[in-house]
Structures are given as C-alpha cells and as structure tokens.
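Since the structure comes first, as structure tokens, the remarks are kept for the end.
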Amino acid sequence: MGKEQLNYAQKQCIASAGKLMQTTGMLYPGARVGVAVSGGMDSWVLLQVLLYRQRIVPFHFEIMALHVNPGFNPDSHAPLLEWLNRNGVSGHVELTNHGPRAHSPENRRNSPCFYCAMLRRKHLFDLCGKYSLTHLAFGHNADDLVGTFYMNLYEGGRVEGMGMCEDFFGGRLKVIRPLMLVEKSVINRAVKAWELPLWSNPCPSAFNSRRSEVMDEFKALCKNNKNLKSNVFNGLIRWQLDLTRKAQSK
C-alpha cells in the first residue's frame, strides 16, 4: 500500500475501527479473518482498513477476502480478483445462483433481499468452516445499525439492533463489524480517496427495498431537526456498544 498521505475520512475509518476493535476485543493473536466483500463501498473500505490495522496492531492476524457472487453478472467480480492479486491478499471468489433463486417461485414467503442474504450468509459460514477461519467480518456501518433498528421496530415490533462482535457456533466463529462507528458519508469519501474499484449492483431489487424506504423516511425527518440524526446515531451506537460489553462480561 505504500506510505500514502491519508485524508480525514480515511484516517477516521482506520481510527474508528481500531477503537471498536480494542473496546470489544474483536481480534486476538493468530486470528484468521474472513472479510465478506460484496463489491460495494462498505466492504471495500473494510478490507482496506483491515490491511492498515494489520500493520498497526502488536500481533499477527490473517485476512482472507470472501466474495459470493449472487449470479446476476458472472464477471462483476473481476476488479476484486485483480485487486487481491495486486495487494497480495488471499481470497475465495465463487459464482452462485442465490440472486435468481431469491427472485424465483422458490422464495414464496420472504422478500428477495432477505432470502438472498440468508443464502449468502449460510454460504459464508460454510466457507469459514472450510478455511478454518476464526472471524467473519462484515462492512456494516452506523447507518446500517440505524436502518436495522428501525426495520426491526417497524416490521417486527422488536427493539433490536445489529451486533458489533458476536459469537456463533459455540464460540468457534466471531462475527464482527469493525466499521459500526463510522457513518456512510465518511465511508463514501474514503472509498473515493482510496480509488477502490467498486462495481454496480445488478440486482433488480437493489434500490427498491423496504430498508431503503425506512432510511428515506428517517432522512426526511432529519431535515426538520438538525440534531436528530446525530442524536439517533450516537444513542444507538452507545446502546449497541453497551449490549456488546454486557454480553462479553457474562
């Protein structure tokens, strides 16, 4: 990566991820981290941030990129293969039929997004087992935490957010979200500064989901109250972090 000059957004992503990692004890010596890379800005920035954290932390941990192509465009992941090769990062890239299946009669009860995400996550869990990975890292950010909270409240009547550091399968795998303290706008600026090779999402439901509607409603509310967005973001982040600490202390 060289000794490039980083701008404020890049530094904020790296520092915020480091703060959350230290606070929650996400990583430990010898950790083998699978990074779920979708091709969008969040997962790209996460991959870049983890490479920087790898140089900063006082212990060794490994990184492996995991890309599960949903099957709408079999060649969309070509930029990822080139980037992994150029940066010496190991990876598993696989073409699946998850997207078409989620939009087929096979999926009669759930939204295409929910069904596709379910298939993808199960596959990622299987890959973690195959490669003996100890961690699975997702690029979810502060905006995703807010969106998930409201989705759970509106659609399911549950007060539930999105875990920052959770144990699965009896502790054999940790699911971590190092960018949870970072807002989407900061990630957007960072991905441009790093000139990471994003590719468009060819899914027919990409911009027509209930989650996007919920976030649009939230943004509309924020226009009438300059403090609403920061208050909601900060409140939910503190709440989720407190839940994480309590879970780890048990």
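Please give the number of the condition R211 fails out of (1) surrounded by 14 or more Cβ atoms within 10 Å (Cβ to Cβ); (2) over 21 Å from R121 (Cβ atoms); (3) at pLDDT below 95; (4) basic (K, R).
Failed condition: (2).
Of all residues in segment 59-82, which are over 20 Å from R32 (Cβ atoms) and either of a type in the set (G, A, S) or touching a residue at least 60 places away in the same chain (Cβ under 8 Å) (or both)?
Applying the first criterion (over 20 Å from R32 (Cβ atoms)) to segment 59-82 yields 69-79, 81-82.
P70, G71, F72, N73, S76, H77, A78, P79, E82 - these are the residues of segment 59-82 that are over 20 Å from R32 (Cβ atoms) and either of a type in the set (G, A, S) or touching a residue at least 60 places away in the same chain (Cβ under 8 Å) (or both).
When you scan segment 226-237, do you find a residue that is hydrophobic (A, V, I, L, M, F, W, C), in contact with a Cys (Cβ under 6 Å, 6 or more places away or on another chain) and buried (at least 20 other Cβ atoms within 10 Å of the Cβ), even just one?
Kept after step one, since they are hydrophobic (A, V, I, L, M, F, W, C), are these residues of segment 226-237: 228, 232-233, 236-237.
Still in the list and also in contact with a Cys (Cβ under 6 Å, 6 or more places away or on another chain): 228.
After this cut, where a residue has to be buried (at least 20 other Cβ atoms within 10 Å of the Cβ) as well, the list is none.
Within segment 226-237, not a single residue is hydrophobic (A, V, I, L, M, F, W, C), in contact with a Cys (Cβ under 6 Å, 6 or more places away or on another chain) and buried (at least 20 other Cβ atoms within 10 Å of the Cβ).
Do we have E166 as open to solvent by 10 Å² or more (accessible area, probe 1.4 Å) and in contact with a strand residue (DSSP E or B) (Cβ under 7 Å, 6 or more places away or on another chain) here?
In short, yes.
Given the structure, is V232 farther than 28 Å from M21 by Cα, of a type in the set (V, I, T) and in contact with a helix residue (DSSP H, G or I) (Cβ under 7 Å, 6 or more places away or on another chain)?
Values: farther than 28 Å from M21 by Cα: no; of a type in the set (V, I, T): yes; in contact with a helix residue (DSSP H, G or I) (Cβ under 7 Å, 6 or more places away or on another chain): yes.
So V232 does not fit the description; no.
Tally up the residues in segment 20-60 that are of a type outside the set (F, W, Y) and farther than 21 Å from L198 by Cβ, please. Break it down into steps so the answer makes sense when it comes.
Taking segment 20-60 first, the residues of a type outside the set (F, W, Y) are 20-27, 29-43, 45-51, 53-58, 60.
Adding the requirement that they be farther than 21 Å from L198 by Cβ leaves 20-27, 29-33, 53-58, 60.
The qualifying residues number 20.
For L221, are the conditions met, namely being in contact with a Leu (Cβ under 9 Å, 6 or more places away or on another chain), more than 25 Å from Y52 (Cα to Cα) and open to solvent by 50 Å² or more (accessible area, probe 1.4 Å)?
Here the answer is yes, as L221 does meet what is asked.
Can you tell which of V146, V89, V93 is under 16 Å from the mean Cα position of the chain (by Cα) and either modelled with pLDDT of 95 or more or over 21 Å from P197 (Cβ atoms) (or both)? Walk me through how you get there before you give the answer.
Numbers: V89 fails: under 16 Å from the mean Cα position of the chain (by Cα); V93 fails: under 16 Å from the mean Cα position of the chain (by Cα).
Sole residue among the options that is under 16 Å from the mean Cα position of the chain (by Cα) and either modelled with pLDDT of 95 or more or over 21 Å from P197 (Cβ atoms) (or both): V146.
Check off (1) free of Cβ contacts under 8 Å to residues at least 60 places away in the same chain; (2) out of contact with any Lys or Arg (no Cβ under 7 Å at 6 or more places or on another chain) for A142 and give me the number that stays unchecked.
(1)
Mind checking which pairs have a first residue in segment 12-36 that is more than 18 Å from S249 (Cβ to Cβ) and a second that is buried (at least 22 other Cβ atoms within 10 Å of the Cβ) and among the acidic types (D, E), Cβ under 9 Å, 6 or more apart or different chains?
Correct list of pairs: empty, since none qualify.
The values are calculated or read from the model by the stated rules, or taken from the named source; none is laboratory data. Just so it is clear, the structure is predicted and the values come from calculations on it, not from any experiment. In this analysis, Cβ positions are derived from the backbone assuming ideal geometry, glycine residues included, and neighbour counts consider all displayed protein chains. Remember, those area values only see protein heavy atoms, side chains included, never the ligands or the DNA or RNA. Shrake-Rupley method; radii C 1.70, N 1.55, O 1.52, S 1.80 Å.
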